[in-house]
Every structure is written in C-alpha cells, then in structure tokens.
1. Would you mind getting me the FRET efficiency between residue 212 and residue 124? Use the beta-carbon distance for r and R0 = 25 Å, nearest 0.05.
2. Taking the number of other C-beta atoms within 10 Å as the exposure measure, put 209, 204 in order starting with the fewest.
3. Tell me which lysines have Cα within less than 29 Å of residue 33's Cα, excluding those fewer than 8 residues away on the same chain?
4. How big is the antiparallel share of DSSP beta bridges in the chain, given as a percent to the nearest 5?
5. Quick one: Debye curve from the C-alpha atoms of the stretch 85-155, no solvent, what's log10 I(q)/I(0) at q = 0.11, 0.23, 0.26 Å⁻¹?
6. Any idea what diffusion coefficient the stretch 142-219 gets from Stokes-Einstein, in µm²/s, Kirkwood Rh on alpha carbon pairs, 25 °C, 0.890 mPa s?
7. Could you give the radius of gyration (one decimal) and Dmax (whole number) of the Cα atoms in the chain, in Å?
8. Where does the charge balance sit around residue 103 when Lys and Arg score +1, Asp and Glu -1, over other residues with C-beta under 13 Å from its C-beta?
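Throughout, read-outs are computed from the coordinates displayed, never taken from laboratory work. Since this is a predicted model, take the numbers as computed values, not measurements. Here the Cβ is made from the backbone with ideal geometry for all residues, glycine too, and neighbour counts use every protein chain on show.
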Amino acid sequence: KNRSVVWPHFFLNTIKNKAKCRHCPKVLTAVSKNGTNHLKRHIQRCPGLASAGQSTLDDFVIRPNTQESYNYEECSNELSRMIIQTETPFLFSEHPAFNKYVKKNQSQHKETSRKVVKSKAMAQYCNIKQELISDFANNTCRFNITADGWDSGTDYSYVCITAHWIDRDWVLQKRIIEFAKLEFPHNATNYHNIIMNGINEYGLRSKILSVTFDNATSMT
C-alpha cells in the first residue's frame with residue numbers, strides 16, 4: 001500500500017511504473033525501489049499547485065517549534081467545561097500555579113477570571129437546557145419523575161426533580177430538570193409547586209407516566 005503523502009497528488013500507473021501529476025502534465029517514474037523523494041521535490045515546486053493556490057507538500061509537514069495559533073474564546077470555554085465537570089470552584093481559573101502550568105505549555109495563554117468562567121458556565125448550561133427541551137419535545141415516550149429531598153445542614157431543605165425515560169435506542173436515560181429550595185412548611189403544596197415548575201419548564205406536562213417520592217411521609 002502506498003503510504004507516502006505524495007500519492008494523493010499523482011495518478012499511478014503500476015503497469016508502466018509511471019506517476020502523472022494531478023496538477024500539471026508532468027509524468028515521472030514510480031519505481032518503489034527508487035523511493036518518492038523525486039515526487040516530493042516536484043510537488044514542492046509544481047506550477048499547477050502554485051497557480052491554483054492549493055496546498056503544497058510543505059503545508060503538510062509539521063515542523064518543530066512551530067507556534068500554534070491561540071484562541072482565547074475556545075480555551076476559556078474548555079476551561080469552563082473542565083471546571084464544571086470536575087466540580088472545581090470558579091476561583092481555580094485564577095490560581096497562580098494553574099496559570100503557570102498552562103503558560104508553560106502555551107506561551108500565549110491569558111488568564112481567565114472567575115467571573116468570566118461563571119458567565120461561560122451559565123451560558124453553556126442554558127444551551128444544554130434548550131437542547132434538552134428540544135429533545136423532549138421530539139420524544140414520544142412517557143417520562144417517570146422522581147423527587148428527592150434533603151436537608152443541607154444549614155436549616156435549608158432542597159428538592160431535586162429528575163426525569164427518567166427510555167430513548168429510541170432502548171437505553172435508560174435520566175436528567176435533572178429542577179433543583180430548588182423547599183420553602184417551609186414542607187407539605188404537598190410546596191412539593192407540588194417545585195415539581196410542576198420543572199415539568200412545565202421542560203414541556204413534559206402531557207408526557208408523565210409516574211411521579212415517585214423518596215419519602216411519602218414528608219408530603220403530609
């Protein structure tokens with residue numbers, strides 16, 4: 001198999017051992033024992049490539065110490081995703097040791113403030129939320145809702161509402177659709193308000209199969 005990067009630039013005739021350039025009329029020998037250096041030299045100065053403004057072989061060669069372009073927006077977006085996925089405080093983006101490490105790998109690195117990271121995290125959350133709402137709207141299955149409540153240890157109670165469903169590939173899925181503070185008293189009315197807020201916000205009102213609570217006694 002021809003593995004050299006030059007072959008996409010030539011029509012190969014294995015019977016006559018010839019290689020015709022795809023960009024100009026030039027025909028060269030193509031004998032495996034002779035290698036491909038002469039073909040590479042042709043591509044580097046091929047008039048057909050130069051006039052068409054196409055990439056020459058030099059464009060495919062990776063040279064040492066070549067400075068890659070730096071895109072602050074892309075890097076700060078990835079940093080925000082990393083902080084979310086690792087449950088790291090937003091302040092981590094300003095830590096001197098972290099920025100020193102990144103600077104060592106990318107000399108053009110610019111520090112991202114915790115306010116920027118928080119802003120990007122919220123924007124990513126909103127984008128994912130809208131995608132999920134759209135997916136739910138296009139899904140014809142029924143959804144099962146679970147409500148889990150607990151105390152934070154600081155005199156506050158919270159409720160987490162999760163939607164469970166089986167997707168088109170028959171894989172069980174689940175997503176949190178609401179996470180809210182439970183106001184006193186902890187009764188059925190306040191639970192109902194939190195649950196319905198999540199259900200309505202994600203357009204699931206007509207698609208609910210069941211609702212399950214972690215502790216039914218708290219609903220009385």
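1. Working: r = 30 Å, r/R0 = 1.19.
After rounding to 0.05, the efficiency reads 0.25.
2. Final ranking by Cβ density, sparse to dense: 209, 204.
3. 1, 16, 18, 20
4. Numbers: 24 of 29 bridges.
Here the share of antiparallel DSSP bridges comes out near 85 percent.
5. -0.55, -1.06, -1.15
6. Details: Rh = 13.0 Å.
Estimated diffusion coefficient is 188 µm²/s.
7. 30.0, 90
8. Values: positive: 100, 104, 110; negative: 111.
Net of charged neighbours comes to +2.
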